[in-house]
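Engineer: Pasting in a structure now, in structure tokens, and then I'll have a few things to ask.
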Amino acid sequence: MTAEAPYPVAVRGPRAAGPPLLQVQGLTRHFMVSGARIDVLHDCTFDVARGEVVAIVGQSGSGKSTLLNVLGLLDKPSSGSYVFDGVETTPLREGRRSRLRGDGIGFVFQQFHLLERRSALANVSVPMVLAGVPVLRRRSRSKELLESVGLGHRLNSQPHQLSGGEQQRVALARALSREPALILADEPTGALDATSSTMIMDQLIDQSRVRDAAVVVVTHDPKVAERADRVVELVEGRTR
Ligand SMILES: Nc1ncnc2c1ncn2[C@@H]1O[C@H](COP(=O)(O)OP(=O)(O)OP(=O)(O)O)[C@@H](O)[C@H]1O
Ligand SMILES: [Mg+2]
């Protein structure tokens with residue numbers, strides 16, 4: 001008898017949302033370590049629609065971060081297909097992949113990954129600097145974004161002057177700065193208390209409802225998974 005999952009799997013099923021933004025089909029990823037092949041993702045197949053929040057769950061080492069890196073075009077699969085916004089990404093060269101990533105994908109990580117000794121405002125501006133957004137425009141947009149995550153009073157604070165929950169809200173504001181169609185979050189609440197976790201999930205869900213963004217969130221937290229529209233479980237590198 002198999003143990004019951006500690007989170008509700010496919011509780012509500014897919015929302016009747018728009019066309020798929022992501023289509024993953026028969027995706028595999030292996031790594032070579034000292035001449036030995038390590039198969040991490042064996043066969044992942046799923047879609048995510050615009051406006052949908054999908055949680056990816058599974059044991060430590062099951063390949064969740066590896067899968068998220070592929071979805072974020074930070075890594076290439078070993079085989080299989082990954083269509084993002086109608087484009088088959090697997091044959092693309094780095095230049096095109098990086099443009100698709102910058103224009104269409106926002107990332108949130110467990111450990112925030114903010115630039116130390118830079119203000120919240122400067123951190124939120126980074127993706128807009130890379131995209132060549134004029135300075136006045138990006139300053140006003142960063143301010144707006146920080147206000148929207150409740151940090152309008154901390155624009156000039158540096159990461160070490162902020163709590164973990166506040167730093168994650170800065171990271172979220174940064175991820176949203178270019179209004180990405182896809183938001184990828186790897187354990188975004190892993191380092192946060194319950195109140196901050198709820199706040200981050202509220203914001204992520206809001207993005208799907210208000211802006212029709214697709215949100216993929218890797219989590220160990222049953223409370224986070226149960227708020228998703230759908231749960232994809234990774235078991236030994238296979239989705240189910
Ligand atoms: N670059 C790499 N080279 C070799 N092995 C790797 C590499 N990246 C990941 N792996 C292996 O792939 C497996 C899955 O790793 P991954 O980080 O995707 O797991 P995870 O599900 O995110 O785990 P956790 O919940 O602990 O974060 C692990 O066994 C890991 O050692
Ligand atoms: Mg991981």
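Engineer: So, in region 67-108, of the ones that are within 16 Å of ligand 2 (Cβ to nearest atom) and under 20 Å from Leu172 (Cβ atoms), which residue ends up farthest from the chain's Cα centre (by Cα)? Can you show your working first?
Structural biologist: First, pick out the residues of region 67-108 that are within 16 Å of ligand 2 (Cβ to nearest atom): 67-72, 74-75, 107-108.
Pick out the ones that are also under 20 Å from Leu172 (Cβ atoms) and you get 68-69, 71-72, 74, 107-108.
Details: Leu68: 7, Asn69: 9, Leu71: 9, Gly72: 8, Leu74: 12, Phe107: 5, Val108: 5 Å.
Of everything passing the filter in region 67-108, Leu74 is farthest from the chain's Cα centre (by Cα).
Engineer: I've got another one for you. Pick out the one residue from Leu100, Leu74, Leu21 that is crowded, with 20+ Cβ neighbours inside 10 Å, hydrophobic (A, V, I, L, M, F, W, C), more than 19 Å from Val224 (Cα to Cα) and modelled with pLDDT of 95 or more.
Structural biologist: Values: Leu100 fails: crowded, with 20+ Cβ neighbours inside 10 Å; Leu74 fails: crowded, with 20+ Cβ neighbours inside 10 Å.
So the residue among Leu100, Leu74, Leu21 that is crowded, with 20+ Cβ neighbours inside 10 Å, hydrophobic (A, V, I, L, M, F, W, C), more than 19 Å from Val224 (Cα to Cα) and modelled with pLDDT of 95 or more is Leu21.
Engineer: Right, another one. Look at Asp47 and say whether it is part of a loop (DSSP other than H, G, I, E, B) and either surrounded by fewer than 21 Cβ atoms within 10 Å (Cβ to Cβ) or modelled with pLDDT of 95 or more (or both).
Structural biologist: no
Engineer: Of the numbered conditions (1) out of contact with any Leu (no Cβ under 9 Å at 6 or more places or on another chain); (2) free of Cβ contacts under 8 Å to residues at least 40 places away in the same chain; (3) of a type in the set (S, T, N, Q), Thr66 fails exactly one; give the number of that condition.
Structural biologist: Here Thr66 meets the rest and fails (1).
Engineer: Step by step: first the residues of region 109-126, then only those that are part of a loop (DSSP other than H, G, I, E, B) and of a type in the set (S, T, N, Q), then the one that is farthest from the chain's Cα centre (by Cα). Which residue is that?
Structural biologist: Pass one, region 109-126, residues part of a loop (DSSP other than H, G, I, E, B): 110-119.
Within this subset, residues satisfying the condition of being of a type in the set (S, T, N, Q) are 110-111, 119.
Numbers: Gln110: 10, Gln111: 13, Ser119: 23 Å.
Looking at the filtered set, the residue picked out is Ser119.
Engineer: I've got another one for you. From Leu184, Leu172, which residue is part of a helix (DSSP H, G or I), touching a helix residue (DSSP H, G or I) at 6+ places or on another chain (Cβ under 9 Å), hydrophobic (A, V, I, L, M, F, W, C) and modelled with pLDDT of 95 or more?
Structural biologist: Leu172
Engineer: Now for a separate question. Loosely packed, with under 13 Cβ neighbours inside 10 Å and either touching a Lys or Arg at 6+ places or on another chain (Cβ under 7 Å) or among the aliphatic types (A, V, I, L, M) (or both): does that describe Leu121?
Structural biologist: Answer is no for this residue.
Engineer: So the check is Cβ under 7 Å with 6+ separation or different chains; which pairs have a first residue in region 147-176 that's under 17 Å from Ala191 (Cα atoms) and a second one that's of a type in the set (Lys, Arg) and at pLDDT 95 or above?
Structural biologist: Partner pairs satisfying both residue conditions: Leu162/Arg154; Glu166/Arg154.
Engineer: Would you please list the contacts, defined by Cβ atoms under 8 Å and residues six or more apart or on different chains, that run from a residue in region 108-125 that is at pLDDT 95 or above to a residue that is within 16 Å of ligand 2 (Cβ to nearest atom)?
Structural biologist: Val108/Leu184; Val108/Ala185; Val108/Asp186; Val108/Pro188
Engineer: So, one more: When the residues of region 77-93 are filtered to those that are without any contact (Cβ under 8 Å) to a residue 24 or more places away in the chain and out of contact with any Phe, Trp or Tyr (no Cβ under 9 Å at 6 or more places or on another chain), which remaining residue is surrounded by the most Cβ atoms within 10 Å (Cβ to Cβ)?
Structural biologist: Within region 77-93, the subset without any contact (Cβ under 8 Å) to a residue 24 or more places away in the chain is 86-93.
Subsequent filtering for residues that are out of contact with any Phe, Trp or Tyr (no Cβ under 9 Å at 6 or more places or on another chain) retains 86-87, 91-93.
On the way: Gly86: 9, Val87: 14, Pro91: 8, Leu92: 16, Arg93: 7.
Out of the qualifying residues, it is Leu92.
Engineer: If you check Arg227, Arg211, which single one turns out to be more than 13 Å from ligand 1 (Cβ to nearest atom), more than 22 Å from Thr45 (Cβ to Cβ) and touching a helix residue (DSSP H, G or I) at 6+ places or on another chain (Cβ under 6 Å)? Don't jump to the end; show me each part of the working.
Structural biologist: Numbers: Arg211 fails: touching a helix residue (DSSP H, G or I) at 6+ places or on another chain (Cβ under 6 Å).
Being more than 13 Å from ligand 1 (Cβ to nearest atom), more than 22 Å from Thr45 (Cβ to Cβ) and touching a helix residue (DSSP H, G or I) at 6+ places or on another chain (Cβ under 6 Å) holds for just one of Arg227, Arg211, which is Arg227.
Engineer: Looking at this structure, is Gly35 within 13 Å of ligand 2 (Cβ to nearest atom) and farther than 15 Å from Val216 by Cβ?
Structural biologist: no
Engineer: Next question. Select from region 46-66 the residues that are of a type outside the set (A, V, I, L, M, F, W, C) and within 13 Å of the chain's Cα centre (by Cα) and write down the one among them that is nearest to ligand 2 (Cβ to nearest atom).
Structural biologist: Checking each candidate, the answer is Ser65.
Engineer: Also, quick follow-up: In region 59-72, is there at least one residue being more than 9 Å from ligand 1 (Cβ to nearest atom) and touching a helix residue (DSSP H, G or I) at 6+ places or on another chain (Cβ under 6 Å)?
Structural biologist: Applying the first criterion (more than 9 Å from ligand 1 (Cβ to nearest atom)) to region 59-72 yields 70-72.
Subset that is touching a helix residue (DSSP H, G or I) at 6+ places or on another chain (Cβ under 6 Å): none.
No - not one qualifying residue is present in region 59-72.
Engineer: Same structure, new question: Give the residues of region 158-188 that are over 17 Å from Arg99 (Cα atoms) and within 16 Å of ligand 1 (Cβ to nearest atom), sorted by residue number.
Structural biologist: Ala185, Asp186, Glu187, Pro188
Engineer: Here is a follow-up. Looking only at region 130-140, which residues are assigned to a helix (DSSP H, G or I) and over 16 Å from Gly106 (Cα atoms)?
Structural biologist: Val135, Leu136, Arg137, Arg138, Arg139, Ser140
The values are calculated or read from the model by the stated rules, or taken from the named source; none is laboratory data. Because the structure is predicted, anything quoted here is derived from the model rather than measured. When we count neighbours, we look across all protein chains shown, and the Cβ atoms used for this are built from the backbone with ideal geometry, even at glycine.
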